[in-house]
Amino acid sequence: MDIWEKLYLKAKEQYHPEEVSPFVYAHNVVCALESENGEIFTGFCIESCGGVLDLCAERTTALNMYINSGQTVIKRLIAFRDKAPFGEGSGMPCGACREFLMQLNIKNKDMEIMVDYEKREITTLEKLLPDWWGMYRFNQSESTQ
């Protein structure tokens, strides 16, 4: 069993779409990540009637990692709905998640993101955020230390 299968199976455990209340729906998108030290963390989306209150699976997973271990660097990430990513944009983090993951730690630019599970096709966060606007700010903070 490779790391991608481990991540897929851990995320799949979280998939059980449910109505939490008449206003909140959860577990219809799931995610698992491998942190820098090799630990696996999972999460799921939480959607509400007020869109700005929504939390995507990728962000809840990254927050679970940080809350439970203090880590901010992600090596690998897989996210999906009812089946593993199959290309065609499935499993790709939304723009808000891409931005959050990059801001969480600049090393996350090198994280691998599953594009097509069967083919084991991956991409990196840096490829999804070319010419990231925050690089200048990050480089400035590095030069003042």
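The values are calculated or read from the model by the stated rules, or taken from the named source; none is laboratory data. These numbers come from a predicted model, not from an experiment. Using ideal geometry, Cβ is built from the backbone for each residue, glycine included, and neighbour counts are taken over all protein chains shown. To get the accessible areas, we keep the full protein, side chains included, count just its heavy atoms, and leave off ligands, DNA and RNA. Shrake-Rupley method; radii C 1.70, N 1.55, O 1.52, S 1.80 Å.
Helix content alone sets the calculated 222 nm mean residue ellipticity of the chain: runs of n ≥ 4 DSSP H residues at -39500 (n - 2.57) each, divided across all residues, give -9000 deg cm²/dmol. Here's how it looks for GLY43: its modeled amide H is under 5 Å from those of CYS31, which are all 5 or more places away or on a different chain. Annotation: peptides 8-19, 72-83, ranked by per-residue average of other Cβ atoms within 10 Å with the highest first, follow the order 72-83, 8-19. Note that the chain presents 56 Å² accessible area per residue, ligands and nucleic acids not counted, probe 1.4 Å. Taking all Cα pairs closer than 8 Å and separated by 6 or more residues, the relative contact order of the chain comes to 17 percent. Per-peptide packing, taken as the mean over residues of other Cβ atoms within 10 Å, places 55-64, 128-137, 105-114 in the sequence 55-64, 105-114, 128-137 from highest down. Phi angles across region 39-45 convert, under the Karplus curve 6.51 cos²θ - 1.76 cosθ + 1.60 with θ = phi - 60°, into 3J(HN,Hα) values of 5, 10, 10, 10, x, 8, 7 Hz, Gly and Pro given as x.
Sequence-ordered 3J(HN,Hα) estimates for region 111-116 from the Karplus curve with 6.51, -1.76 and 1.60 and θ = phi - 60° stand at 4, 8, 10, 5, 9, 9 Hz, glycine and proline given as x.
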